[in-house]
Amino acid sequence: MQHDSKFTNQKFKLVGTRVMRPDGVDKVTGRARYGADTFAPGQLVGAILRSPHAHAKIRGIDTRRAEKLAGVKAVITSADLPDLTDGDAELYNVLENCMARGKALYDGHAVAAVAASDAETARKALKLIKVDYKVLPHVTDVDEAMKPAAPIVQPRVRSKYRPGKRTNVAGVTTYGHGDVDAGFAKADVIIEKSYKTEQVHQGYIEPHACLASVGPDGQGELWVTTQGQFAFRNRCAALLGMEMSQLKVTSSEIGGGFGGKTHVWAEPVALALSRKANRPVKLVMSREDVFRASGPASSTSIDVKLGATRGGRIVAAHAELRYGGGAFPGIWGEIGAMAAWACYDIENVRSVGYEVVVNRPKVAAYRAPSAPMAGFAVESTVTLMAEKLGIDPVEFRLKNAAREGTRASYGPTYGPIGIVPTLEAVKKHPHMRARLGKNQGRGMACGFWFNFGGQTCADLAIGEDGTVALSVGTVDVGGARASLSLIAAEELGIPYEQVRCNIADTASLGYNDMTDGSRGTFSSGMATIFAARDAIEQLRQRAAKTWGIAVKNVAWKDGKAIAKGKRKSLTLKELAEASSNTGGPISGHNQVVADGAGVSFASHICDVEVDPETGATKVVRYTVVQDAGKAVHPDYVEGQFQGGAAQGIGWALNEEYVYGEDGRLQNPGFLDYRIPVCSDLPFIDTQILEIPNPNHPYGIRGVGETSIVPPLAAIANAVSDAAGVRMTHVPMSPPRILAAIKSSREEQELTR
Amino acid sequence: MRYEAPTSTREAIALMSGAKGDAYLLAGGTDLLVRMRGEFIDPDLVVDIKRLPGIQEIRKTARGFSIGAGVPCAALGRHKPLLRAWPGVVEAAQLIGSDQIQGRCTIAGNLCNASPAADSVPALVAATAKAVIVGPGGRRRLAVEKIITGPGATSLGKGDIVSAIELPNRPPKSGDAYLRFIPRTEMDIAVCSAGVSLTLGPRNVVKQARVALGAVAPTVVLVPKAARAIVGTRLEDDALQRLAAACEAACSPIDDKRGTVEFRTEVAGVLARRAAVIAYERARKKR
Amino acid sequence: MKGIPVSTTVNGDDVEFVCDGRETLLDVLRNHLGLIGAKEGCGTGDCGACSVMLDGQLVCSCLVLGAEAEGREIETVEGMADGEKLHPLQQRFLEHAALQCGICTPGFLIAAKALLDHNSSPSESEIRYALAGNLCRCTGYDKIVRAVRAAAGDVRRQQKARARRKAAAQN
């Protein structure tokens, strides 16, 4: 059945209301089961031995003493994960990241693993494994890694950066249009500025955890905290040489992911251990493992050049964006280059992204991956330009903002988009008129994210009592089951409480892409609408059959089949009760490639107070304005806005990976990797705008990611206003701010 | 790993002094269990002192206060006479970690863990606190600054147990204060810190003072020159500047993940200045 | 390995278990007693996801040895509701959408209950500092603070009603 995904501007009864989430009671009573919360009969405890070196050749691994320890049931090294990747370079990277093959590429890289009868035995066994390392020179800084004399992290990397030679630059991509040099020639004012951002981690509170079970019959099960059970199944099956259908992956409740649970890390290892021991193996990462050896975001080094006329029109823009992708090639520089100028309508624009390989863990997505760093550099420079031109920063942005019909710097031409409305809302917002106290300052910034749709399918089964079981394949990371139940109830015309949304395992539903790219509610919402319409079609047929009239004469309204022109109706419940006599169970199904995810824009306002004697920054007021397309469940939309802003605030002020001279991570814990605590933050005010996405029946856009993009620059701009110093290095930690205040004071004294 | 929870001090001393392998005392456990978890230590024996007689009590004595080694820091704030006499010591103790940590951590443990950044120690040093030590050699008292000899190192012998921390009675017109710098508002380890204790004489002139700094040297530093800078003053601006300068001069910190040499040095002076003002106001308001 | 036998009370029930000396109270609750409400987010007392009450004192169960539980009273999130009736904090967390992924929620509920048990009129700042030992990465804490504030109102109303009943009984 063909379905039309065009926006129809229908009036909603349920969508947009603030109902209670269906998984709520389990989560407030401690019953909800996350990755580490399940147990299997005879399960073993898995543990991983990790490299203490940033870069080292592994000359040998002696596992004999560990194998002999009572209670140890399996010990594995890369030899137990043979290369089955068949020329698939990306899959080989995943395999090598799961277990070092001849060389440890970063501090924390897995080198061996054990499965034992209990945690204490597993701990002892790890200590008995002897690895013979030859330590190699390492490089962890993105700029250092690009230098010709830098140690080479991956000998197989080749790119046009140094044709024919070994390099740490795995890729160079360019986006843009127009003639940038001609544009700069026309500019009255040109600003050039360089920026640096440190590596950050998603910081989900739940460490990676799984329970793996593989038998000698080639069948397996994996219970895992993941953003995508199907993608995990495909990856794990490919790495272990299993048939996809023989591996059933069930996604547990997920304790935060933010992109970090889109990749497999320990899961293939757990499966390999289970296969070798022929017992279920539970493997839970420690927090230290999570920091050292899961997938943080890139560190970056970015140069921006911006040219504008005195009248306030940007005439040329150029950015060079260098992203440290960890020990494996990525696409992070490319995404940064695509996102950099997306907020603006610029005639001559160019951005160049570099993929830099360094001796750090393999980078994974983190909420609007790559966009916050590019946004920090661009939005800081845009405010600098406004200041230099003497134009209000909001007005300056409005003069240059992208609109419907603008050709985006990364290629496409925009449809109806929300950046101008968010800026207009900022202009009118009471926050902009709130009084600032001593040592306080205000900043604002805009942000953009692409959003994604992707492969999706949904099943909707109607019980004989007329209630509905909805099965979707996108993991619910923060309230999606409530939104999808609302959508199903809206379509069918039944109460919200009569729908129960279930996240299907890989054996129960067709393939779904992961919950990433802010696609969960957008794409599963679309599949749910179409599955409900599929079910309604059947309901109409059953009613027509009951009444002996043509299907075209049966309408569906308010949860009832209505015979046109006659006063006859049958409720969904009545039709369901009679279904065994009218053709059997009633269910709807849909599979779709959910194209047309509408791009998303936000504008943030931030007030900070800076202690001039210590460099400490306190966020005193924060406002998020963002376009949601249509807010299906406003509470959880606000929650996404607030959560993204809080992560951005942490990134801007305190969060960073600190590597020592030895290439080891110095702060692999929540003590010294400082994510914001409750007392660090004010209430985060939100304003939801709804500019419908023309490519979704309800007008929905993804809302999850954009809110992390503006905070870095919004805070930098506020710090500049409060303390008179322009911070170009994130995080703007107290030592960096105090040093900047001191050097600006010294400069002023010199020029006086 | 063997776990023992003796109910007599003699038994505890015997366990510790007779232990083969690595033996550790367990008070609040907020450092010990973290170090075990991080594989920094692998104890063969852990002796839990929380069931020893009197170890969980705060007692008012003729000399002042005796705080048992098992008293969680949260309890210090609930002890009104202690809070009135030594608000700076109590606020220092209560800055350690979260409410969860407060429910377990102890000032005796904070001292014996011997971290240069321990929050309660600068305030205790400024307050002339003494540790009561029981061990195979009997019972003795030692100034707290004599306990810590370096990062993670103490002067305690095998079998020695710090059973209590003693604080003296307060002369009239006395006040103390403790401030630390952390990047967040809670949960961090001090990047640098300052404890100030002072007593005022006639016309609210500072008669006597002690200034101690944390996280700016291998151990907590007592800075007599900083104290002299404010004795005889009413904390006029120039006196405070001299205090800050003396503190900066006493710093020999390191660059690490928590801060730089320059930052620690400069901010230690700022904190000492601010803490002195608070201590002074507290003393002035007292009878 | 010789286990340590421990008798204790969990949510009012007498409980006995045998644990290894190194095992924490959190390990015991989760792996021996089947109480999975307390979570391990860090294992070092920095995230609060494992918060429980130990003899009426809020603690991180990852920083308590299982053996230390001998003769103590432990309360966990599993004991918070009164039969079918949710605790006001649980109810308000649901109404205010104060959870997204929910992994930190049990710890927040326990910490918030510890606060409201001794202060049923906390200011915003008191709430924020009382919850500073509990990390949440999803919400930015906004809706959590609002939920705790609303639950504080419920607790005050319950206290008043209890006082009225008591006064009426005395008259």
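The values are calculated or read from the model by the stated rules, or taken from the named source; none is laboratory data. These figures come from a predicted structure and were not determined experimentally. Please note: Cβ atoms are built from the backbone with ideal geometry, for glycine as well, and neighbour counts cover all protein chains shown. Calculation scope for accessible area: heavy atoms of the full protein, side chains included, ligands and nucleic acids excluded. Shrake-Rupley method; radii C 1.70, N 1.55, O 1.52, S 1.80 Å.
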* Structure fact -> Matching residues in segment A:694-740 (more than 21 Å from A:Ala371 (Cβ to Cβ) and open to solvent by less than 10 Å² (accessible area, probe 1.4 Å)) number 8
* Asked: Could we say that C:His96 is open to solvent by 30 Å² or more (accessible area, probe 1.4 Å), within 11 Å of chain A (Cβ to nearest Cβ) and closer than 29 Å to A:Arg674 by Cα here?
  -> yes
* Regarding A:Ala36, is this residue within 14 Å of chain C (Cβ to nearest Cβ), hydrophobic (A, V, I, L, M, F, W, C), surrounded by fewer than 15 Cβ atoms within 10 Å (Cβ to Cβ) and farther than 30 Å from A:Pro692 by Cα? -> no
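Here is a list: B:Ser193, B:Ser252. Which entry is open to solvent by less than 10 Å² (accessible area, probe 1.4 Å) and outside any helix (DSSP H, G or I)? Spell out how you get there, then give the answer.
On the way: B:Ser252 fails: open to solvent by less than 10 Å² (accessible area, probe 1.4 Å).
Only one candidate qualifies: B:Ser193.
Is at least one residue of segment A:353-364 hydroxyl-bearing (Ser, Thr, Tyr) and either surrounded by fewer than 24 Cβ atoms within 10 Å (Cβ to Cβ) or not assigned by TED's automatic domain parsing to the domain that holds A:Val200 (or both)?
no
Go through segment C:111-147 and report how many residues are in contact with a strand residue (DSSP E or B) (Cβ under 6 Å, 6 or more places away or on another chain) and without any contact (Cβ under 8 Å) to a residue 60 or more places away in the chain.
Selection size over segment C:111-147: 2.
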* To do: Select from segment B:18-38 the residues that are more than 12 Å from chain C (Cβ to nearest Cβ) and not in a loop (DSSP other than H, G, I, E, B) and write down the one among them that is nearest to B:Met187 (Cα to Cα).
  => B:Leu25
* Structure fact -> Picked from segment C:1-13 (must be over 17 Å from the mean Cα position of the chain (by Cα) and more than 19 Å from A:Val45 (Cβ to Cβ)), the residue nearest to the other protein chains (Cβ to nearest Cβ) is C:Ile4
* Asked: Based on what the data block shows, is C:Phe108 out of contact with any strand residue (DSSP E or B) (no Cβ under 9 Å at 6 or more places or on another chain), within 13 Å of chain A (Cβ to nearest Cβ) and not in a loop (DSSP other than H, G, I, E, B)?
  -> no
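Residue-by-condition table, conditions (1) touching a residue at least 12 places away in the same chain (Cβ under 8 Å); (2) within 14 Å of chain C (Cβ to nearest Cβ):
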site: A:Phe12; (1), (2): yes, no
site: A:Gly30; (1), (2): no, yes
site: A:Leu44; (1), (2): yes, yes
site: A:Arg50; (1), (2): yes, no
* Consider C:Arg156 carefully, then state whether it is touching a residue at least 40 places away in the same chain (Cβ under 8 Å), open to solvent by 40 Å² or more (accessible area, probe 1.4 Å) and charged (D, E, K, R). => no
* Structure fact -> Of (1) acidic (Asp, Glu); (2) in a loop (DSSP other than H, G, I, E, B); (3) surrounded by fewer than 18 Cβ atoms within 10 Å (Cβ to Cβ), A:Asp107 fails just (3)
* How many residues, within segment C:25-43, are closer than 24 Å to B:Glu4 by Cβ and open to solvent by 20 Å² or more (accessible area, probe 1.4 Å)? -> 4
* Of these, B:Gly54, B:Gly77, B:Gly109, which one is assigned to a loop (DSSP other than H, G, I, E, B), of a type in the set (Gly, Ala, Ser) and more than 10 Å from chain C (Cβ to nearest Cβ)? -> B:Gly54
* To do: Can you run down the residue pairs with Cβ atoms below 7 Å, 6 or more apart or on separate chains, where the first is in segment A:80-95 and within 22 Å of A:Val114 (Cα to Cα) and the partner is open to solvent by 60 Å² or more (accessible area, probe 1.4 Å) and outside any loop (DSSP other than H, G, I, E, B)?
  => A:Asp80/A:Lys276; A:Val94/A:Arg235
* **Lone qualifier among B:Arg184, B:Arg287 - being of a type in the set (Lys, Arg), assigned to a loop (DSSP other than H, G, I, E, B) and over 25 Å from A:Ile741 (Cα atoms)** => B:Arg287
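Yes/no matrix, rows are residues, columns are (1) open to solvent by 20 Å² or more (accessible area, probe 1.4 Å); (2) at pLDDT below 95; (3) in a loop (DSSP other than H, G, I, E, B):
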| site | (1), (2), (3) |
| --- | --- |
| A:Gly60 | yes, no, no |
| A:Glu67 | yes, no, no |
| A:Val75 | no, no, no |
| A:Ala79 | yes, no, no |
| A:Thr85 | no, no, yes |
| A:Leu95 | no, no, no |
| A:Ala100 | no, no, yes |
* Is it fair to say B:Ala5 is modelled with pLDDT of 95 or more, closer than 23 Å to B:Gly97 by Cβ, within 12 Å of chain C (Cβ to nearest Cβ) and open to solvent by less than 50 Å² (accessible area, probe 1.4 Å)? -> no
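Based on what the data block shows, is A:Ala434 surrounded by fewer than 18 Cβ atoms within 10 Å (Cβ to Cβ) and within 17 Å of A:Ala714 (Cα to Cα)?
Against the criterion (surrounded by fewer than 18 Cβ atoms within 10 Å (Cβ to Cβ) and within 17 Å of A:Ala714 (Cα to Cα)), A:Ala434 qualifies.
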* To do: Name the single residue, out of those in segment C:14-54 being assigned to a loop (DSSP other than H, G, I, E, B) and among the basic types (Lys, Arg), that is farthest from the other protein chains (Cβ to nearest Cβ).
  => C:Lys39
* Determine, yes or no, whether A:Arg745 is among the basic types (Lys, Arg), farther than 21 Å from B:Asp188 by Cβ and not assigned by TED's automatic domain parsing to the domain that holds A:Ser194. => yes
* **Criterion (under 25 Å from B:Leu179 (Cβ atoms), open to solvent by less than 10 Å² (accessible area, probe 1.4 Å) and out of contact with any helix residue (DSSP H, G or I) (no Cβ under 8 Å at 6 or more places or on another chain)) met by exactly one of B:Ala127, B:Ala117, B:Ala108** => B:Ala108
* To do: Could you pull out every one of the strands (runs of 3 or more DSSP E) wholly within segment A:154-261 that has 2 or more residues that are more than 30 Å from A:Thr85 (Cβ to Cβ)?
  => A:169-177, A:189-197
* Residues located in segment A:563-596, provided they are part of a helix (DSSP H, G or I), open to solvent by less than 60 Å² (accessible area, probe 1.4 Å) and under 19 Å from A:Ala550 (Cα atoms) -> A:Leu572, A:Leu575, A:Ser579, A:Thr582
* To do: Look at A:Gly478 and say whether it is assigned to a loop (DSSP other than H, G, I, E, B), farther than 30 Å from A:Ala401 by Cβ and either open to solvent by 10 Å² or more (accessible area, probe 1.4 Å) or among the small types (Gly, Ala, Ser) (or both).
  => no
* Test: residue in segment C:119-140 that is aromatic (Phe, Trp, Tyr) and open to solvent by less than 10 Å² (accessible area, probe 1.4 Å) -> no
* Only one of these conditions is not met by B:Glu91: (1) more than 21 Å from B:Arg180 (Cα to Cα); (2) in contact with a strand residue (DSSP E or B) (Cβ under 7 Å, 6 or more places away or on another chain); (3) within 14 Å of chain C (Cβ to nearest Cβ); (4) not aromatic (Phe, Trp, Tyr). Which number is it? -> (1)
